[in-house]
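Working notes, structure below.
The values are calculated or read from the model by the stated rules, or taken from the named source; none is laboratory data. Quick caveat: nothing in here was measured; it's all calculated off a predicted structure. Cβ sites come from the backbone with ideal geometry, for glycine too, and all protein chains shown count toward neighbours. Each accessible area value is taken on the protein alone, full model and side chains, heavy atoms only, with ligands, DNA and RNA left out. Shrake-Rupley method; radii C 1.70, N 1.55, O 1.52, S 1.80 Å.
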Amino acid sequence: MFSSGDGFRTATNGIYRKMATFNLYGSNLTWGIMDAWAQSYYIDQAPSIGGGTAMRNMAALQFKNTELVPVTDAMWNAAWNVVANCNELAQQAAKADPNLFSGLDGERQMILGEAIGLRAFIQFDLLRIYAPSPSSVGFGKDDRTFIPYVDKYPSYLSDRQTVSYCLQHIIDDLKKAQSILLSVDKSASFSMESRFIQIYNGESRFLGYRGYRMNYYAVTAELARVYLYAQKADEAYAEAKKVIDVVESKKWFAASTS
């Protein structure tokens, strides 16, 4: 898999495809059981909503219901599968020969940064689901453990950690990904000017559509989100301002008026 640039591209695309499946962001981590849990639906009046009885049980907060548990277990397992794949990809990209890639070291760095950013992104959502928020207990004031933070592959047995431990590792990974992707997305070869446009041919087509991937600004926005969750408002504002400023100057991420 990792003996060629194509292998690295296949592994990267595989992670995004896995994240888009029903068990993850194709349903359950967006409009699916998470929205049922948030009481976004009036379930009694919408019996045909996807998920059926699982959605009803989640809305009723019946977390141990035998029809809901297989759904949440599948979500949990799929999420950690993505984390494992991100960790393997990051480790392989960190030591790969740049000459394997048509985009040379810039493409290698792009894949490395995306893998690190994605593993932090999905573990942050797992933390929000399976652990109390800092606003409810105070950042660093709760020594209970909930989920692990996994940044190595393979990892056969990972100890559960505190919320503050996980948040600090998420922040550290996002800052690492941000530093890597800053040079990538501001270079001429990987220009964000073509963020939503496929203008490349051949092997270099992988370098297009940066606006739909874990690019520098996506990592920066996620870092702002994590800082805010961790009750670090000043740091959250500083990161959010970077995205706000580029919207005002470049109009890259402005909402459509059509």
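Summarising the label geometry, the points placed 7 Å from Cα in the beta-carbon direction at Glu67 and Tyr42 lie 2.1 nm from one another.
Structural descriptor for the chain: relative contact order 14 percent, calculated from alpha carbon pairs under 8 angstrom and at least 6 residues apart.
About its Cα centre, the chain has a charge dipole of approximately 160 debye under the convention of +1 per Lys or Arg Cβ and -1 per Asp or Glu Cβ, with nothing else charged. Considering only Asn87, Leu61, Pro98, the residue lying farthest towards the positive end of the dipole of region 1-139 is Leu61, judged by Cα position with unit charges set on Cβ.
Using a probe radius of 1.4 Å on heavy atoms only, what accessible surface per residue do you get for the chain? Whole Å² is fine. Mind showing how you got there, number by number?
On the way: 13060 Å² over 258 residues.
Per-residue value: 51 Å².
Within the chain, which is the longest segment containing none of the trypsin sites (Lys or Arg not before Pro) that sit in a DSSP loop and have at most 11 other Cβ atoms within 10 Å? Could you put the intermediate results ahead of the total?
On the way: sites that count: Lys64, Lys141, Arg144, Lys152, Lys186, Lys251.
It works out to 65-140.
Note on the chain: with a GNM built from Cα contacts shorter than 10 Å, the maximum mean-square fluctuation among Tyr41, Tyr25, Tyr149 falls on Tyr41. Protein heavy-atom surface of the chain, 1.4 angstrom probe: 52% of the accessible area is carbon and sulfur, with nucleic acids and ligands not counted. Counted by Cβ distance under 12 Å from Val243, the other residues give a net charge of 0, where Lys and Arg count +1 and Asp and Glu count -1. Helices of the chain meeting both criteria, an alpha-carbon length of 18 angstrom or more along the long axis and an average Kyte-Doolittle score not below 0.0, with helices taken as full DSSP H segments, are 69-95, 104-130, 163-185, 216-229.
Listed here are the pairs Lys95/Lys250; Lys152/Lys232; Lys95/Lys175; which of them are more than 24 Å apart at the Cα? From Lys95/Lys250; Lys152/Lys232; Lys95/Lys175, over 24 Å: Lys95/Lys250; Lys152/Lys232.
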